[in-house]
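I have placed the structure first, in the form of structure tokens, so that the comments after it can refer back to it.
The values are calculated or read from the model by the stated rules, or taken from the named source; none is laboratory data. Being a predicted model, the structure only gives us computed values, none of them experimental. Virtual Cβ from ideal backbone geometry, glycine too; neighbours counted across all protein chains shown. Accessible surface is based on the protein model in full, side chains and every heavy atom, while ligands, DNA and RNA are left aside. Shrake-Rupley method; radii C 1.70, N 1.55, O 1.52, S 1.80 Å.
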Amino acid sequence: MKKITRVALVGGTHGNELSGIYLLKKWDNTNRYAHWPELQLSSTLANPRACEHSVRYLESDLNREFGTEDLLDDDRVGYEQLLAKKLARQFGPKGRSPVELMIDLHNTTSNMGACLMLLRKDAFNVGMAAYVKDRMPQAVIFFQDNLPEERKRFLVSVAQQGVTVEVGPQPNSVLQQETFELMETMTCHILDYLTQYNTGELACLPDSFEAFQYTEDLRLPTDAQGRRLGMVSKRLEQRDFFPVAPGEVIMETFEGTPICWEGDYTAYPLFINEAAYHQSHSAMTMSQRIVVHCADYF
Ligand SMILES: [Zn+2]
């Protein structure tokens, strides 16, 4: 088993998500990194100008600019597009990165709690999820390994392995202590896990754990001009990761017509009414509850 020691901690990929930005400032000032002497930890503020202005981005969403072809496209010269190329040189090149793990720290305005978002379902990621969930039972494990390849344009995709710590609810440009502490706790557990992973001693992991698996994204109803015709039902407000059965109301038009969940499975929505998805008219992401058996992966 290959050890994982070169670890990049990243905050400020979105400049108005303050927990990660301030967590790294705190750890820089207190040299918290010394707690994991066997790891080579770096900390990076991914989009300093967006952080300075406390906006998600200046021109385009940095965390969607890391598609392999986009990074090679010389015509992509927007601010975040060029910044993505710079970061890909710093951490990459994508596909041959020396960074063994990148941990990207995000906030959401949705009520997702402390959510660990994973792009692969291999022994390393499953072990991490089991370790974190065991020590932090309120953590939510979200697998998005089944996202279509063209959607995996995240900054973490540059590194060999990448995970996103997504904590909410927290309004943009606001720093709340509870959210901050959840992010700090989860990040510490991830780094502690690496220590155990590198010694090859994962014996004390639980046999199985609860997780959620990405299924699809739902948009708000819009007219031909792209104007919204409705909103998320109040029944779902703040209820990320609560079950929604087929036929249940999930949105409502301004005329009062209910829009029901048309899937044939009980869905567990997340990113409900996330502020950053204003432009895309995304209403929520759907997932299914799964039970992951560690023995299937080790
Ligand atoms: Zn973010």
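To one decimal place, what Kirkwood hydrodynamic radius in Å is obtained for the chain from all pairs of distinct Cα atoms?
Its Kirkwood hydrodynamic radius stands at 19.9 Å.
For ALA123, project a label point 7 Å along Cα to C-beta. Then give me every residue of segment 1-34 with its amide nitrogen under 17 Å of that point.
Hits in segment 1-34 for ALA123 at 17 Å: 1-5.
Over 10 Å intervals from 0, what percent of Cα-Cα pairs in segment 106-218 sits in each interval?
13, 45, 35, 8, 0
Roughly what angle does helix 79-91 make with the longest principal axis of the chain, taking Cα atoms, 0 to 90 degrees, to the nearest 10?
30 degrees
Can you list the chymotrypsin sites (Phe, Trp or Tyr not before Pro) in segment 223-262 that are in a DSSP coil and have 15 or fewer other beta carbons within 10 angstrom? Please report the intermediate quantities before stating the final value.
Details: sites: PHE241, PHE254, TRP261; in loops: PHE241, PHE254, TRP261.
Qualifying residues, ordered by number: PHE254.
Within the set of other residues whose C-beta is less than 13 Å from the C-beta of ASP207, count the net charge using Lys and Arg as +1 and Asp and Glu as -1. Walk me through the numbers before you get to the answer.
Working: positive: LYS133; negative: ASP134, GLU210, ASP296.
Computed value for this residue: -2.
Counting only other residues whose beta carbon sits under 13 Å from that of ASN172, what net charge do I get with K and R as +1, D and E as -1?
Working: positive: ARG56; negative: GLU17, GLU274.
Residues near ASN172 contribute -1 overall.
Please calculate the 1.4 Å probe accessible area of VAL55, with all protein chains present, and give it to the nearest 10 Å².
Counting only protein heavy atoms, the figure is 50 Å².
What does the charge count around VAL55 come to, taking other residues whose C-beta lies under 15 Å from its C-beta (Lys +1, Arg +1, Asp -1, Glu -1)? Please report the intermediate quantities before stating the final value.
On the way: positive: ARG49, ARG56; negative: GLU17, GLU52, GLU59, ASP61, GLU80.
Within the 15 Å Cβ shell, the charges total -3.
With r as the distance between the Cβ atoms of TRP36 and ASN146 and R0 = 35 Å, compute the FRET efficiency 1/(1 + (r/R0)^6) and round to 0.05.
Numbers: r = 31 Å, r/R0 = 0.89.
So the FRET efficiency works out to roughly 0.65.
So how much accessible area does LEU41 have, in Å² to the nearest 10, using a 1.4 Å probe?
Taking all protein chains as shown, LEU41 has close to 40 Å².
How would HIS106, HIS278 rank on accessible area, largest to smallest, probe 1.4 Å? If you can, show how the numbers build up before the last one.
Values: HIS106 5, HIS278 115 Å².
Largest accessible area first, the residues go HIS278, HIS106.
Working from Cα positions, state the angle (0 to 90°, nearest 10) between the long axis of helix 18-30 and the longest principal axis of the chain.
With both axes taken from Cα atoms, the answer is about 20 degrees.
To the nearest 500 deg cm²/dmol, what mean residue ellipticity at 222 nm is calculated for the chain from DSSP H runs of n ≥ 4 alone, each contributing -39,500 (n - 2.57), summed and divided by the residues? Write out the running numbers ahead of the final one.
Working: 6 runs with 73 residues, N = 298.
Value at 222 nm, helices only: -7500 deg cm²/dmol.
Rounded to the nearest percent, how much of the accessible area of the chain (1.4 Å probe, protein heavy atoms only) is carbon and sulfur? Let's see the in-between values first.
Details: 6680 of 13550 Å².
Ligands and nucleic acids excluded, carbon and sulfur reach 49 percent.
First obtain the Kirkwood hydrodynamic radius of segment 1-63 from its Cα pairs, then insert it into the Stokes-Einstein equation at 37 °C and 0.692 mPa s, and state the resulting D in µm² per second as a whole number.
So the translational diffusion coefficient is about 261 µm²/s.
So, for the chain, what is the accessible surface per residue at a probe of 1.4 Å, expressed in square angstrom? Provide the component values of the computation, followed by the final result.
Details: 13550 Å² over 298 residues.
Value for the chain: 45 Å² per residue.
What translational diffusion coefficient, to the nearest whole µm²/s, does segment 180-298 have by Stokes-Einstein, given a Kirkwood radius computed over alpha-carbon pairs, a temperature of 4 °C and 1.567 mPa s viscosity? Provide the component values of the computation, followed by the final result.
Details: Rh = 16.9 Å.
After rounding, the answer is 77 µm²/s.
Looking at segment 217-298, which GluC sites (Glu not before Pro) are DSSP coil and have at most 13 other C-beta atoms within 10 Å of their C-beta? Let's see the in-between values first.
On the way: sites: GLU237, GLU248, GLU252, GLU255, GLU262, GLU274; in loops: GLU237, GLU248, GLU255, GLU262, GLU274.
Qualifying residues, ordered by number: GLU237, GLU255, GLU262.
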